[in-house]
1. List pairs: first residue in the stretch 157-170 and over 14 Å from Q26 (Cα atoms), second residue surrounded by fewer than 13 Cβ atoms within 10 Å (Cβ to Cβ) anywhere in the structure, Cβ distance under 8 angstrom, at least six positions apart or on different chains.
2. Go over the candidates K253, K246, K333, K347 one by one and state the one that is of a type in the set (K, R), closer than 30 Å to M189 by Cβ and free of Cβ contacts under 8 Å to residues at least 12 places away in the same chain.
3. Taking the stretch 191-214 as the region of interest, how many residues are hydroxyl-bearing (S, T, Y) and either within 22 Å of the chain's Cα centre (by Cα) or closer than 30 Å to E65 by Cβ (or both)?
4. If I filter the stretch 164-179 for residues that are under 27 Å from H37 (Cβ atoms), under 14 Å from the mean Cα position of the chain (by Cα) and at pLDDT 95 or above, do I get at least one hit?
5. Can you run down the residue pairs with Cβ atoms below 8 Å, 6 or more apart or on separate chains, where the first is in the stretch 131-144 and among the charged types (D, E, K, R) and the partner is in a loop (DSSP other than H, G, I, E, B) and open to solvent by 80 Å² or more (accessible area, probe 1.4 Å)?
6. Just checking, does the stretch 95-102 include any residue being open to solvent by less than 10 Å² (accessible area, probe 1.4 Å), without any contact (Cβ under 8 Å) to a residue 60 or more places away in the chain and out of contact with any Phe, Trp or Tyr (no Cβ under 8 Å at 6 or more places or on another chain)?
7. Can you find a residue in the stretch 215-227 that is under 21 Å from the mean Cα position of the chain (by Cα), within 28 Å of Q34 (Cα to Cα), modelled with pLDDT of 95 or more and assigned to a helix (DSSP H, G or I)?
8. Could you go through the stretch 319-329 and let me know if any residue there is modelled with pLDDT of 95 or more, in a loop (DSSP other than H, G, I, E, B) and under 23 Å from E118 (Cβ atoms).
Amino acid sequence: MASRGRSRSRSKGKETEAEVVSGKRQICVVRHSQALHNVCEDNLWTPDNPLTPEGETMCEHARKEWAKTIFEEAELIVVSPMMRALQTAFIMNGKVADARWLITPMCSEHLSGATCDEGRPKSELLTAIPWVHDLAGIKELDEEWWTAPRDEEPLRVSAFLKFLEGRKEQKIVVVSHGGFLTYVAGFYMQNAQHHLMSAEDCQLTKQKMNRTTLNIQDALSKEYEKSPFREIVKAPLTCFRGLGKKRCAILAKTGPKTVSDLASWKYAKVAASLCELAPLQQDGILDVSHEKLCMNINKILDQEWEGYSFPELLDAPISALSGLTETHDKHMKALGLKCIRDLGTWKYYAWARSICILGEYESADGSS
């Protein structure tokens with residue numbers, strides 16, 4: 001992964017210098033370098049991971065190949081308040097943080113459900129890297145800034161680009177994260193990779209955030225944006241934005257690998273059904289789950305959970321479903337799924353199910 005990130009950066013290095021010299025307004029978006037959760041699955045549920053030693057080396061290589069020119073020419077350096085982004089910007093900028101910097105959660109990573117996308121308290125950040133203390137934006141940063149309500153990613157991206165558009169600086173660097181930058185750049189960037197955007201590119205991205213024709217752009221990776229439903233049904237789950245290869249590999253351990261698999265996955269179907277029927281339950285009814293000819297779902301529940309009410313089952317760990325174990329609970333937590341309720345309301349399952357349903361009514365040649 002590290003070599004792949006450096007290779008891509010190298011291919012864009014000459015273009016970078018030419019664009020800097022041209023004097024045109026440009027925005028260079030940079031994905032943070034390799035962090036602990038990029039190489040160790042356990043760190044998916046560790047908040048605000050720092051760079052690995054290899055990640056620091058990748059930053060040094062990037063500075064030699066392209067970042068020195070980009071950062072020195074930048075009039076504004078916008079950085080996410082997450083440790084891996086701050087470290088990346090610091091090293092690529094020659095291990096200097098100066099008055100051009102602006103720290104803002106506007107470009108922080110989207111909250112996928114994995115703990116690694118959460119920040120650390122500001123007080124802890126200032127202790128860990130005291131050089132950020134006097135940078136613009138730090139004073140305004142809340143102690144637990146990542147817990148604040150936030151819009152869906154397309155709205156966040158549109159607001160962020162509008163913010164950049166209103167700045168007077170002509171050369172801007174943004175150091176952010178893979179999930180967030182996928183919306184900005186239009187593709188999933190590798191660690192320590194950079195991508196140049198003109199003012200026109202930013203306008204096009206904003207327009208994509210406001211499409212009104214029949215499409216599901218906000219749900220799909222760039223590769224599948226123009227695909228018909230019948231192709232998406234058969235596609236791997238990496239076709240969904242926010243479900244990268246690492247998270248799809250975790251999900252595959254329980255079965256689903258394609259959109260069709262997820263739509264028909266019995267555990268998600270049961271969880272969604274429990275969520276749908278739970279509001280209809282009346283309190284005070286006796287447990288008759290082991291009586292003949294009475295309502296139960298014993299065939300899908302671990303024996304320990306037989307006879308529990310809808311609300312109790314919704315708050316139960318996913319391993320309460322027969323066939324799943326505490327190991328599966330750990331995997332699901334890495335996806336942000338801590339209980340049956342989370343699985344039943346998981347947006348990726350809802351997307352997969354809806355895509356498969358609508359795909360049945362799609363005309364292959366566009367005819368009526």
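The values are calculated or read from the model by the stated rules, or taken from the named source; none is laboratory data. Just so you know, these numbers come straight off a predicted model, no measurement behind them. Virtual Cβ from ideal backbone geometry, glycine too; neighbours counted across all protein chains shown. Side chains included, ligands, DNA and RNA excluded: accessible areas come from the protein's heavy atoms. Shrake-Rupley method; radii C 1.70, N 1.55, O 1.52, S 1.80 Å.
1. S158/N210; A159/D151
2. One residue alone meets the criteria, K347.
3. Total satisfying the criteria: 2.
4. Yes, because at least one residue in the stretch 164-179 is under 27 Å from H37 (Cβ atoms), under 14 Å from the mean Cα position of the chain (by Cα) and at pLDDT 95 or above.
5. none
6. Yes, the stretch 95-102 contains a residue that is open to solvent by less than 10 Å² (accessible area, probe 1.4 Å), without any contact (Cβ under 8 Å) to a residue 60 or more places away in the chain and out of contact with any Phe, Trp or Tyr (no Cβ under 8 Å at 6 or more places or on another chain).
7. The answer is no, given that none of the residues of the stretch 215-227 is under 21 Å from the mean Cα position of the chain (by Cα), within 28 Å of Q34 (Cα to Cα), modelled with pLDDT of 95 or more and assigned to a helix (DSSP H, G or I).
8. no
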